[in-house]
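The block underneath contains the structure these notes are about, expressed in structure tokens.
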Amino acid sequence: MDKVYFDSAATTQLREEVVDKMTRTLKEVYGNPSSTHSFGRSSKALIEQARKTVAGILNVKASEIVFTSGGTEADNLALNSAVRDLDVKRIITSKVEHHAVLYTVNQLKDCFNVEVEYVALDKNGNVDLADLERLLKGSDKKTLVSLMHVNNEIGNKIDLKKTAELVKSYDALFHSDTVQSIGHFRLDLSEIPVDFTAVSAHKFHGPKGVGFAFVRRNSGLKPLIFGGEQERGHRAGTEGVHNIVGLEESLRLAYDNLDEEKEYITSLKKYFIESLKNEVPGVKFNGNCEDFENSTYTLINVSLPVSEEKALMLLFQLDLKGIACSKGSACQSGSDQGSHVLNAFLPEEDLKKPSLRFSFSRYNTKDEIDYVVNSLKEFIDN
């Protein structure tokens, strides 16, 4: 095989239907959405239709959807505004969050003297809800809790509704990075009392550079970017109409095909796990990978029985064979510090072994899995 792509948690291949719709939009609907003439109105109409489509899928109001450049901006928008505008003095999060959350929280701590506390994790990297409740009880300061729905490195999934209800029972705000879950799981946000979420289109076969924040109505959130009244005053800047249209189409198709594609991708994950167990003695699965109720069906994270010396060549050798996967998240590329997620809960002995994340999509096959497993076996045995 020339190329095998198992890095869909980093970004996904665009669907042909999405490319076609974006191309037509680029060619035919090029007016500035803020212009009052017919060209501008045509662009604005596409944006508002996309907003209604997204809101309908999540069962929320269209006014609660704010288009952004992606999940990182959406996380920053919610966290910064919560501290700057909503009088939040304390943030509870976990050490396995995406850096879009962790780095932002650290900045808020340095600049605004926000108190930051980290909820305990169990041996598999799961959030300890009893400890979360202990932390919520422990202060009268206005608090925001930020916990991701699906972890981008190990795939662990929290019970979003149960967690949100716990947070709200203590009158705290709740933010969740849902970048790895929306487009892959059905979420009715009218029944889940979350205040803010973050979404990226390129995680569900849409374009890069566009996403959205769900912002609960009357939250009081104010903009991160100033300069215009776009997005109902929540986010200044001329909208990328073609990208928003691409987001709409990719999200619609993701949910139209969700059941069928989930079943197929789940079968790939099961086959990958079974094949690794059979062909690579000593392989270890990190997080909840083997627990299909408490992890996403879209990825696995594995530690391989390889020496530290040999581990340095692992990704290089896989790349030579045309195999794309990740050591940690793609946002850490170039880092030699290892995965902050695995560092947060794995024992020191296990951290010495190389870990890889393989993430799947509708475009992968069992033949590709066979090729990857055989390549890993060959590398380990030689």
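Summary table below
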item	result
Relative packing of 237-248, 20-31, 80-91, which averages over residues the other C-beta atoms within 10 Å, highest first	237-248, 80-91, 20-31
Sites matching GluC sites (Glu not before Pro) across region 158-238 that sit in DSSP coil, with at most 15 neighbouring C-beta atoms within 10 Å	191, 229
Prolate/oblate/rounded call for region 277-382, Cα gyration tensor, a/c under 1.5 rounded	rounded
Extension gain from residue 169 to residue 49, taking 0.36 nm per residue of separation minus the Cα-Cα distance	39.7 nm
C-alpha long axis of helix 241-256 to longest principal axis of the chain, angle in °	60
Cα-based shape type of region 1-117, given that a ≥ b ≥ c are square roots of the gyration tensor eigenvalues and the cut on a/c is 1.5	oblate
Neighbourhood charge, 10 Å Cβ-Cβ cut-off, centred on residue 354 and excluding it, Lys, Arg +1 and Asp, Glu -1	+3
Percentage relative contact order, the chain, counting C-alpha pairs under 8 Å, at least six apart	24
Sequence-separation-based contact order of region 262-382, relative, with Cα cut under 8 Å and 6+ spacing, percent	37
In nm, spacing of pseudo-spin labels at residue 61 and residue 109 (7 Å Cα→C-beta vector)	3.6
Residues of type aspartates and glutamates that residue 222 reaches as a straight line, Cα spacing below 16 Å, ignoring anything fewer than 8 places off in the same chain	64, 73, 75, 85, 87, 195, 231
Mean accessible surface per residue for the chain, computed with a 1.4 Å probe while every protein chain stays in place, in Å²	45
Percent accessible area from carbon and sulfur atoms, the chain, protein chains only, probe 1.4 Å	47
Potential lengthening between residue 315 and residue 130 on full extension [0.36 nm per residue; Cα-Cα distance subtracted]	62.7 nm
Computed FRET value (nearest 0.05) for residue 17 with residue 186, which takes r as the C-beta separation and R₀ as 22 Å	0.60
Magnitude of the charge dipole, region 245-381, Cβ model with Lys/Arg +1 and Asp/Glu -1, debye to 20	260
18 Å Cα-Cα threshold exceeded, pairs from 277/377; 157/269; 109/141; 109/161; 327/353; 123/168	109/161; 123/168
Distance from region 191-229 to region 107-126 (C-alpha centre basis), Å	22
Rounded to 10°, Cα long-axis angle of helix 16-28 versus longest principal axis of the chain	30
Backbone HN-Hα couplings from phi across region 56-64 [Karplus 6.51/-1.76/1.60, Hz, Gly and Pro as x]	x, 5, 8, 6, 10, 7, 4, 5, 8
The chain: angle of helix 71-85 to the longest principal axis, Cα-based, in degrees nearest 10	50
Gyration tensor (alpha-carbon) shape descriptor, region 147-273, a/c threshold 1.5	oblate
Full-extension gain in nm, residue 120 to residue 377, via 0.36 nm per residue minus C-alpha separation	88.9 nm
P(r) tail fraction, the chain - alpha-carbon pairs more than 36 Å apart, %	25
Whichever lysines have a C-alpha closer than 29 Å to that of residue 21, once near sequence neighbours (fewer than 8 apart) are set aside	3, 44, 52, 61, 203, 208, 262
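The values are calculated or read from the model by the stated rules, or taken from the named source; none is laboratory data. Since the model is a prediction, treat every value here as computed from it, not as a measurement. Note that each Cβ is placed from the backbone with ideal geometry, even for glycine, and that neighbours are counted across all protein chains shown. Accessible surface is based on the protein model in full, side chains and every heavy atom, while ligands, DNA and RNA are left aside. Shrake-Rupley method; radii C 1.70, N 1.55, O 1.52, S 1.80 Å.
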